[in-house]
Structures are given as structure tokens and as C-alpha cells.
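The values are calculated or read from the model by the stated rules, or taken from the named source; none is laboratory data. Everything quoted here is computed from the prediction, not taken from an experiment. Ideal geometry is used to build each Cβ from the backbone, glycine not excepted, and the neighbour counts take in all protein chains shown. Just the protein is used for accessible areas: all its heavy atoms, side chains included, with ligands, DNA and RNA removed. Shrake-Rupley method; radii C 1.70, N 1.55, O 1.52, S 1.80 Å.
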Amino acid sequence: MNYQYNYSVAEPIPLTEEQLKEQQKKIEHRELRNKCISTGLLCLISFFALYASAIFFVSFVSSTLAGTPFMKDSDYTLIPDMLVNSISSLLGFGVVGVIFAKITKTDFTQVFPHRKTSFKKTSAVVIIGFVVCICANYIAQIFITDFNLFGIDPTYSLGSTGSTSIIEHIVYILSVAFVPAVTEELVYRGLILGRLRKFGDGFALVVSAFLFGIMHGNFVQAPFAFVVGLAAGWALIYTGSIIPSMLIHGFNNLMSVIGDIAYENCGKIGLTENVIDIIYLSVYLIMFAFAIILVCKLSKRDKNLFVFKKYEGLLDFKARIRIFATSATIIIFTVLCLFECLMMLNIIT
């Protein structure tokens, strides 16, 4: 039993239930504060490592490949940029994430949860999550329209192939769709969401999605990426595996890449942009209907489809969000990302 001492009589006085709760709340507050500060630190280190590696490898890769027979072919002129994107992602997220996990002694099963899930369940979750991403993409178009009304173009492209080279398209797909889906999920779903789940799945989901959103550094991708983060985080929490979240992330990026390639080469493949739009819309509508059917079926079989594990501590949700929002490293990271967003709009030069 906990006691406080009255030294005038040298007799221990038992703490009241209210005092015990207050002590416990302070302990939880301190623990969550430390978790949030370390999470913000991870985001900051990853942010700077990403840009530092990109700056370094732009010159390194270009100078290494320049003048080689491989690079003399004009079809491959964009490959150095794609390689830099992949290397930066591997270092800024992958390597930094692994080092952070080692330093904080985070269990590997928490960073890379991989509970065995049936193929049917995994497929259903991925389709549902991907359809959520599709809906978010259309919502993002509203932001673009609103910005355009003020003469601001907030659009941001994942990249451009600019050629019909098969090799370049493959490298493009790997660098934009595959590598980020693995490395970013390990950091934002594996490390960040995983380490914060102790304070409630809902809290961890919202926080990790928020950080994932602002990390993209522009006003179009940020809200869209936030929704993608929610979908990927839900997939991890529901299945207990990071694989579905990686697949959702990867398929989402892949559809953007395929769209870029199709629109840039529509004349060569005998299709107009309007036809490609119709094909995309048709596929999306079919998947949307299929996702609704899957949600209905899964919800009947599993009442916990969208139920998250609650926090059993004494801090309410508002208190946890307040601790997160007032943590120094989180504030610094948010300001940096906001600054990057403004630079993308040429508001700050």
C-alpha cells in the first residue's frame, strides 16, 4: 500500500483513492509525453535524413551513371532521379526506423506485426482500404478546385516518366509504389502507431495518420495521406499484420503511377484521355460496390470490424491529444512540414 508520512507523529497516513489516481495520472502523463517527444524526434530525424540523402545522392548517382552506355539512351534519362527517390526513402525511413527501434529497444514484432491472416480476409481488408483511398482522392480534388479559385495551383505530381521505356516504367513503379509502401509503413504504422497503441488504438490511429499526412509536405497530399493513413492503420489494427497496410499503400501509389504512364502515352496506346478517365471511373465504381458488399459481410461475421481497443488508463482522449499537440518535437515537425507546404505553393521562397 502507498503511504505518505506525517513526520510530526512519525506515522504513515494511507493515500486516499483520489490521491492514488492523481499519482497514476501523473505517471501516465509523463510516459505519454516521453513517447510523443521520441515520436516527434523520429519524424524530425527521418525528415532531415530524407532530404540530406536526396541532396547527396542526386550528384552521386548522376555522376556515377553519366556517360555510361546505359545513360546515353535518352529513354533512361529519368532513372537517376528515381533511384535517388528510392535510396532516400530507404535511408530516411528504413534505416532511420531500424536504428530508432534498436535505440528505443522496440520489439521487432511491434515494428513489423505479422499475425497470420487468411487470404480472403487480407484481400477484403485491402480492397476496403483501397476504396477509402479512392474516395479520399476525389475529396482532394475539391481542395485543388478551392485553391484554384484564388489563383493558387496546389497540385503535386508523384513524378513523370516522359518516355515509353519499359525499364524506366518498371523503375518508376518500384521507386514510387513499392519502396515507399514498405519503408513509410514501417515507420508510421509499425513504429509510431505500434508504440502508441498502449494509449488506445483510436488515439494511435489518429496521431500516426496526422503525422503521415503532414509529412508529405503539400496541401493536396496532406489531407489525402491522412485518410490513407487512417485506412492503412485500421487494416493493421484489425488484422494484426502490417502486410495489408503496405498493400493498401502500395496499390494506392501504383494506381497513380499507372495513371501517369497511361496519360503520358495515351496517343501511343490508341486511347484518349477521356477514355482513360472512363476506364478509371468504371474500375473505381466496381471496386466501390464490391467494397460495400465486403463491409456488410465482414460486419455480420465480426462485430469488431471497426471497434478499437480502448485506453484503460486515466487520461481521457482530449488530454492525450493535448499532450501530443504540445510536445516540443511534434510542434517543430509540424511547423517544418507547414513551411514546406507553403514553399510548394510559392508563398514562401
- Query: Residues in the stretch 23-34: is at least one among the polar types (S, T, N, Q) and modelled with pLDDT under 95?
  - Reply: yes
- Query: Can you spot a residue in the stretch 247-254 that is modelled with pLDDT of 95 or more and open to solvent by 20 Å² or more (accessible area, probe 1.4 Å)?
  - Reply: yes
- Of the residues in the stretch 296-314, those that are surrounded by 12 or more Cβ atoms within 10 Å (Cβ to Cβ), in contact (Cβ under 8 Å) with a residue 60 or more places away in the chain and not in a helix (DSSP H, G or I) number 7
- All helices (runs of 4 or more DSSP H) inside the stretch 71-151 with 2 or more residues being at pLDDT below 85 and open to solvent by less than 20 Å² (accessible area, probe 1.4 Å): 79-89
- Task: Of the numbered conditions (1) within 30 Å of Thr104 (Cα to Cα); (2) part of a helix (DSSP H, G or I), Gly217 fails exactly one; give the number of that condition.
- Result: (2)
- Somewhere in the stretch 206-213, is a residue open to solvent by 30 Å² or more (accessible area, probe 1.4 Å), at positive phi, free of Cβ contacts under 8 Å to residues at least 60 places away in the same chain and not aliphatic (A, V, I, L, M)? no
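Regarding Ile293, is this residue open to solvent by 80 Å² or more (accessible area, probe 1.4 Å), out of contact with any strand residue (DSSP E or B) (no Cβ under 7 Å at 6 or more places or on another chain), modelled with pLDDT of 90 or more and not in a loop (DSSP other than H, G, I, E, B)? Spell out how you get there, then give the answer.
Numbers: open to solvent by 80 Å² or more (accessible area, probe 1.4 Å): yes; out of contact with any strand residue (DSSP E or B) (no Cβ under 7 Å at 6 or more places or on another chain): yes; modelled with pLDDT of 90 or more: yes; not in a loop (DSSP other than H, G, I, E, B): yes.
Yes; evaluated as a whole, the condition is true for this residue.
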